[in-house]
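Contents: one structure, followed by commentary.
The values are calculated or read from the model by the stated rules, or taken from the named source; none is laboratory data. Keep in mind that this is a model prediction, so the values were computed, not measured. Positions of Cβ are generated from backbone atoms using ideal geometry, with glycine treated the same way; all protein chains shown enter the neighbour counts.
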Amino acid sequence: MTKITPQPGIMEIALYQGGAAHVEGVSDVVKLSSNENPFGPSPTTAEALRRAGHDLHRYPGTDHASLRNALAEVYGLEADNIICGVGSDEVLQFIAQSFAGPGDEVIYTEHGFSMYPLLAHACGATPVKVEETDRVVDVDKILAACTDKTRIVFIANPANPTGTMIPMAACKCLAEGLPEGVILVLDGAYAEFVDGYDGGAGMVESRDNVIMTRTFSKIYGLGGLRVGWGYAPKEIIDVLNRVRQPFNLNNLQLQMAEAALRDRAYTDKCRAENARMRAWLAEALEGHGVPSDPSSTNFLLARFADEKEANAADAYLKSQGLIVRKVAGYGLPHCLRITIGDEPSCRRVAHAIGQFKGGAA
C-alpha cells in the first residue's frame, strides 16, 4: 500500500493555540488575551445582521463590490485594488500561496506574528527569521538577510505582540532596498489605532512591490465574524483573486463589516478610549515595576524580571479572574501581552499586578 504523505513543510506547522477564555473554578473572568475590542462592534451592525438574516438562502456576490467600494470611500483608495478575505489571515495566505513555494524563502522578524512562518511552511517555502533590535523591526537586518531566494517579507506595523512600530520612512527604505521581485507585506491589523496612519496605502499606490493587509477583527470589534482585506497593485490583486474561492465571504460578513466601517464616530470613540486607557495602564504598571515599550496598538507587552516571574504573574492574574497572553512562543518568555480592556478591566489588572509585585517583594 502506498504511504500517503503531506506536502513538504506541512508537518512543520504546530497546531494553533488560541487565547484561553475560561479559568476553572473562577467566576467573573475578564478575557484580555486576544486583543478584542472590549466595547464590541458598532450598534449599527445589529441592524445589518437583521437585514442580512432575510437573505440566508441567497448566495453572496462573488466580487464583494459593496464592501470594496465602502473601503475605497472611507479610506480614499481604489476599489479595484482591494481584495477581501476571511480575516486578513486569508489574504496573507493568498499572498504566500501565490508568490512563494519550494526552494523560496519568506522573511519574518524575531517577534513577528506567528502566522508568517506557518504560511511559508504551508506553501513549501522556507521561513527565515530576522533579529529585531529591542523588540523593534530592524530594516537593515532584513535587507542583509535577503538572498536570491527571497520572495516575500512579512512585517506587522504596528507589531504583534510587541506593540512597537517603525516610521513610514523606514518602511519606504525597506521597500526600496528589497531585491527585484520581492514583495513587502505590511500587515496593518492594528493600523486603525494610530492617528493619521494610512497603514502603508500610500506606498502601495507609489510602488509595485508592496501589499497592505487590514482586518475588521480589532478596532471594529468583529473578531467573531472573520473579515479582512488587502490593498495592492492591480496586477497583484488579479493574481490573488485567482486563488480566492468565489464565495469566501457570506452576506452576514459583508453587510456587517460595511455597517461597522461606515460608523466612523463609533470607531473614533473606540480609538480615543483605547489610547486613554493604554496610557493609564502603562503608567500604572510602570509604577509597579513592570515596564512596557510605547505601544501603538490595543495591548501592552508587559516585561517582568524573567520567565519565572512572568509565569507566576500569569498564574496570579488567572486566580483573580484575569486572562492575559503568555508569549514565550514569540521569543518573549519574560513578557505577558495584556489587551487594553474597558476602564474597570484595566483597573483590575493594575490592582492585581500591584498585589502580585507587593507579595513577590
If I filter region 113-120 for residues that are surrounded by fewer than 24 Cβ atoms within 10 Å (Cβ to Cβ), among the polar types (S, T, N, Q) and either under 17 Å from the mean Cα position of the chain (by Cα) or assigned by TED's automatic domain parsing to the domain that holds Val327 (or both), do I get at least one hit? yes
Only residues that are touching a strand residue (DSSP E or B) at 6+ places or on another chain (Cβ under 8 Å) and surrounded by fewer than 19 Cβ atoms within 10 Å (Cβ to Cβ): list them for region 265-292, please. Pro291
Does region 268-281 contain at least one residue that is in contact with a Lys or Arg (Cβ under 6 Å, 6 or more places away or on another chain) and more than 30 Å from Ile83 (Cβ to Cβ)? no
Which one is surrounded by the fewest Cβ atoms within 10 Å (Cβ to Cβ), of the residues in region 40-77 that are touching a Lys or Arg at 6+ places or on another chain (Cβ under 8 Å) and not polar (S, T, N, Q)? Val74
Subset of region 320-361 that is within 14 Å of His288 (Cα to Cα) and basic (Lys, Arg) - its residue that is surrounded by the fewest Cβ atoms within 10 Å (Cβ to Cβ): Arg347
In the set Asp198, Asp208, which member is under 19 Å from the mean Cα position of the chain (by Cα), acidic (Asp, Glu) and within 24 Å of Ile237 (Cβ to Cβ)? Asp198
Would you please name the residue that is farthest from the chain's Cα centre (by Cα), looking only at residues in region 223-266 that are under 20 Å from Glu192 (Cβ atoms) and among the aromatic types (Phe, Trp, Tyr)? Tyr266
Heads up, the strands (runs of 3 or more DSSP E) in region 208-323 (entirely inside) with at least 2 residues that are assigned by TED's automatic domain parsing to the domain that holds Ser98 and either aromatic (Phe, Trp, Tyr) or out of contact with any helix residue (DSSP H, G or I) (no Cβ under 7 Å at 6 or more places or on another chain) (or both) are 228-231
Members of region 254-286 found to be of a type outside the set (D, E, K, R) and without any contact (Cβ under 8 Å) to a residue 60 or more places away in the chain, listed by number: Ala265, Ala272, Ala279, Ala282
Any chance region 83-96 includes a residue that's in contact with a Pro (Cβ under 9 Å, 6 or more places away or on another chain) and not hydroxyl-bearing (Ser, Thr, Tyr)? no
Has region 250-264 got any residue that is closer than 25 Å to Pro60 by Cβ, acidic (Asp, Glu) and surrounded by 15 or more Cβ atoms within 10 Å (Cβ to Cβ)? yes
